[in-house]
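A short reminder: the numbers here are calculations on the coordinates, not readings from a lab. This one's a predicted model, so the numbers in the text were calculated from it and none came from an experiment. When we count neighbours, we look across all protein chains shown, and the Cβ atoms used for this are built from the backbone with ideal geometry, even at glycine.
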Amino acid sequence: MSDPFFHPVSGFDLPRFAGVPTFMRLPHVGLEDPRLGEVDIGLIGTPWDSGTTNRPGPRHGPRQLRDLSTMIRAQNGATGIRPFEQVNCADLGDVAPNPADIHASMDRITAFYDTVRNAGIVPLTAGGDHLCSLPILRSLGKAAPLGMIHFDSHTDLFNSYFGGTQYTHGTPFRRAIEENLLDPKRVVQIGIRGTAYDSEDHDFAESVGVTIIPIEEFHARGPEDIMVQAKEIVGAHPTYVSYDIDFVDPAFAPGTGTPEVGGPNSFQSMLVARLLDGVNIAGADLVEVSPPFDQSGGTAFLGVSIMFEMLCNMATCMSS
Ligand code: MN
Ligand code: MN
């Protein structure tokens, strides 16, 4: 059971629109806080989008995700899971990036997650663009390569952009596999679609053993069957979960830089996160929410709803 200090502020006690917005109304416990060692799951913002090649804005994601996360209540409506009572959850704040220096920013993110990992905390991250996942994996995958369940409309497995730039939000998992942070045979990418530059990313995936499940197969087989296969691919070993909000159809999640039509609806998008039950989750992220394109806040609300589903499975995994 969790320490009541780490329980979120209830909407019965303080209206949801009042107070300082932390992730899911949890206490803020910074890296210097003496309570850091008591935290089991840390929610972290990575307000950085310098890897973006198209429409920008995810640097503003953590702030809007925190705001909309005040809508999240303590109990999962479908499963009955009450994650904040199972383990100690806290908002660990944001990693401070250097928006003018990609490598300095990545080093800062890795150092932040080294501190988190050394404190025994499992991180749940709000991006930021998808390049944020690489410096996180440089920390979490350092000891041994991780498996990964990756929801996205893109593989993010390209080699380079603009004549040789190797670090963009279209390349993080190519780099992570090259750096031996991910075991490609335990990586599955779900929802891939859209027009393409070429097949270089798919060719790389095939050459190293990454499983790609295109959106046509997702719709034909359904979320339940797809997630059974995904869990078989990653097995019982530690697994990272990376969730790009552009996995979702832009009718439900327009607030992102690189939308692709033909995706899952909001219910299916939450369901796949709920069906991560039983996965040995070493860390998870929700990336690519771009508030300038999310004028209703609906994309951010769906994003934090997906984060809550992931959190429920992380808490259950850690307390069992
Ligand atoms: Mn992506
Ligand atoms: Mn994407």
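Okay, helix-only estimate at 222 nm for the chain: each DSSP H run of n ≥ 4 adds -39500 (n - 2.57), divide by all residues, round to 500 deg cm²/dmol; what do you get? Mind dumping the intermediate values first?
Details: 10 runs with 104 residues, N = 320.
It comes out at -9500 deg cm²/dmol, rounded to the nearest 500.
Relative contact order for the stretch 4-319: what percent, with Cα pairs under 8 Å and sequence separation of 6 or more?
Values: 700 pairs, mean separation 67.0, N = 316.
The value is 21 percent.
Provide Asp225, Asp198 in ascending order of the number of other Cβ atoms located within 10 Å of each residue's Cβ, fewest first.
Numbers: Asp225 12, Asp198 8.
In increasing order of surrounding Cβ atoms, one gets Asp198, Asp225.
Quick one: if the Förster radius is 25 Å, what FRET efficiency do Ser10 and Asp67 give, using the C-beta to C-beta distance and rounding to 0.05? Each step should come with its number before you reach the end.
Numbers: r = 18 Å, r/R0 = 0.71.
Approximately 0.90, to the nearest 0.05.
How far, in nm, would the chain grow between Phe162 and Ala220 when pulled straight, counting 0.36 nm per residue and subtracting the alpha carbon separation?
Net length gain for the segment: 17.3 nm.
The stretch 13-69: Rg/Rh from Cα coordinates, Kirkwood Rh? Could you put the intermediate results ahead of the total?
Numbers: Rg = 14.1 Å, Rh = 13.3 Å.
When Rh is taken as the Kirkwood radius, the ratio is 1.06.
Mind checking the angle between helix 223-234 and the chain's longest principal axis? C-alpha axes, 0 to 90 degrees, to the nearest 10.
For helix 223-234, the angle is close to 80 degrees.
Dividing the Cα radius of gyration by the Kirkwood radius, what Rg/Rh value follows for the stretch 4-319?
Working: Rg = 17.8 Å, Rh = 19.1 Å.
The Rg/Rh ratio comes out at 0.93.
How do 183-189, 50-56, 253-259 rank on mean C-beta neighbours within 10 Å, highest first? Before the final figure, lay out each step's value.
Working: 183-189: 22.1, 50-56: 18.6, 253-259: 24.0.
Highest-to-lowest ranking by the protection proxy: 253-259, 183-189, 50-56.
If you project the alpha carbons of the stretch 80-225 onto their three principal axes, what span does each projection cover, largest first, in Å?
Sorted from largest, the Cα extents of the stretch 80-225 read 45, 41, 26 Å.
Need one number: nm distance between label points at Arg55 and Ala96, each 7 Å from Cα along Cα→Cβ, rounded to one decimal.
3.2 nm
Quote to one decimal, in nm, the extra length available between Glu179 and Ser207 on full extension: 0.36 nm per residue of separation minus the C-alpha distance between them.
Numbers: separation 28, 0.36 × 28 = 10.08 nm, distance 1.60 nm.
Fully extending the segment from Glu179 to Ser207 adds 8.5 nm.
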